[in-house]
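The values are calculated or read from the model by the stated rules, or taken from the named source; none is laboratory data. Computed from a predicted structure; not experimentally measured. Note that we place each Cβ from the backbone using ideal geometry, even for glycine, and neighbour counts take in every protein chain shown. The accessibility values were calculated without ligands, DNA or RNA, using every heavy atom of the protein model including side chains. Shrake-Rupley method; radii C 1.70, N 1.55, O 1.52, S 1.80 Å.
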Amino acid sequence: MSISIRALHPHVGGEVTGVDLRRPLSRDEVAAIEAGMDRHAVLVFPGQPLDDAQQLAFSLNFGEIEKALAGDLQKLGEKRLSTDFADVSNLQEIVKRDDRHRLFALGNRLWHSDSSFRAVPAKYSLLSARIIPSRGGNTEFADMRAAWDELDEGMKAQAEDLVCEHSLMYSRGKLGFTDMTPEEKEMFRPVRQRLVRVHPVTGRKSLYLSSHIGGIVGWPVAEANDFIRELTEHATQRRFVYSHPWRAHDLVVWDNRQTMHRVRPFADTVEKRDVRRTTVAGDGPTVAQAA
Ligand SMILES: [Fe+2]
């Protein structure tokens, strides 16, 4: 059995077969997967019934795990999963429509890059599908490299050296979710990220967009938000997007440095969606700033 990868889309997404992620991988297998990530930015591994320990072990092939602190509304003692996992599921039997955790999670339906609100943002996210709803709930991935390549020269020149402010308060605020406690406001205070990133291996440039953006350093807020909206509309055109229809036991890995993603709606108050996310930490901030 040897690894093979076929493209799922002209820009973004590949499907990987010929590997069993439940067992330790060889160095060549890890290298083949990393090369596939550098090329396709999103890899789908169908038919991988992982448990939490196996998912964690596989994730550690690609770097350190980003701990799920300061990423949601739950206090440490209330976390349903270990801090090695981001809690992105709705695991309760019945979810009330006005449940605060649910409303906060609706922010995942906006285009974003995971953890762009952290000073050191994420490298990869790995999402394992354990239980999926009967319909809806696709995850869409937009290729920020192709979006950069096809941006007109005037916009490129404007965007090139800009620094944006990212916070969970900005993305949630876009949905009208603004009732944060003083502790949450402190935890979610904005961080700065470059708007244009360069991939450390391929050297390709990409737009570092996210719904977590709420400003551009040195710009009036309204003009900044309008410019970001303009770039986001460009970057999320259908031709840059791969839409993933989930099946149970899919594992999907995406590179947050080169893509944005969003979850499509599903009946989240009545259907369970148990998906487990591990996150590989990035190797540094995109701009110098206080931690
Ligand atoms: Fe996400």
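Things to note:
- Residues that are polar (S, T, N, Q) and either open to solvent by less than 30 Å² (accessible area, probe 1.4 Å) or modelled with pLDDT of 95 or more (or both) were ranked within the stretch 226-277; the one that is nearest to the ligand (Cβ to nearest atom) is ASN256.
- Count - residues of the stretch 25-58 that are closer than 27 Å to ASP87 by Cβ and in a loop (DSSP other than H, G, I, E, B): 8
- GLU140 vs. criteria in contact (Cβ under 8 Å) with a residue 40 or more places away in the chain, open to solvent by 40 Å² or more (accessible area, probe 1.4 Å), assigned to a strand (DSSP E or B) and closer than 28 Å to SER206 by Cα: no
- Here PRO220 meets the list (1) touching a residue at least 12 places away in the same chain (Cβ under 8 Å); (2) out of contact with any helix residue (DSSP H, G or I) (no Cβ under 9 Å at 6 or more places or on another chain) almost entirely, failing just condition (1).
- Only residues that are free of Cβ contacts under 8 Å to residues at least 24 places away in the same chain and of a type outside the set (Asp, Glu) were counted across the stretch 157-184, and they come to 6.
- Only residues that are surrounded by fewer than 23 Cβ atoms within 10 Å (Cβ to Cβ) and closer than 13 Å to HIS166 by Cβ were counted across the stretch 202-224, and they come to 5.
- Number of the exception - ALA142 against (1) within 14 Å of the ligand (Cβ to nearest atom); (2) modelled with pLDDT under 95: (2)
- Residues in the stretch 93-109 that are crowded, with 19+ Cβ neighbours inside 10 Å and either near the ligand (Cβ under 10 Å from one of its atoms) or among the aliphatic types (A, V, I, L, M) (or both): ALA105, GLY107.
- Scan of the stretch 118-131 for residues that are more than 16 Å from the ligand (Cβ to nearest atom) and in a loop (DSSP other than H, G, I, E, B), ordered by number: ALA119, VAL120
- Checking the stated criteria, ALA288 turns out to be modelled with pLDDT under 95 and either within 15 Å of the ligand (Cβ to nearest atom) or closer than 30 Å to LYS67 by Cβ (or both).
- Selection from the stretch 8-38 of residues that are loosely packed, with under 14 Cβ neighbours inside 10 Å and within 20 Å of HIS261 (Cβ to Cβ): PRO10
- So SER115, is it under 30 Å from GLY47 (Cα atoms), in a strand (DSSP E or B), within 15 Å of the ligand (Cβ to nearest atom) and at pLDDT 95 or above: no
- Lone unmet requirement of (1) over 26 Å from ARG192 (Cβ atoms); (2) open to solvent by less than 40 Å² (accessible area, probe 1.4 Å) for ALA122: (1)
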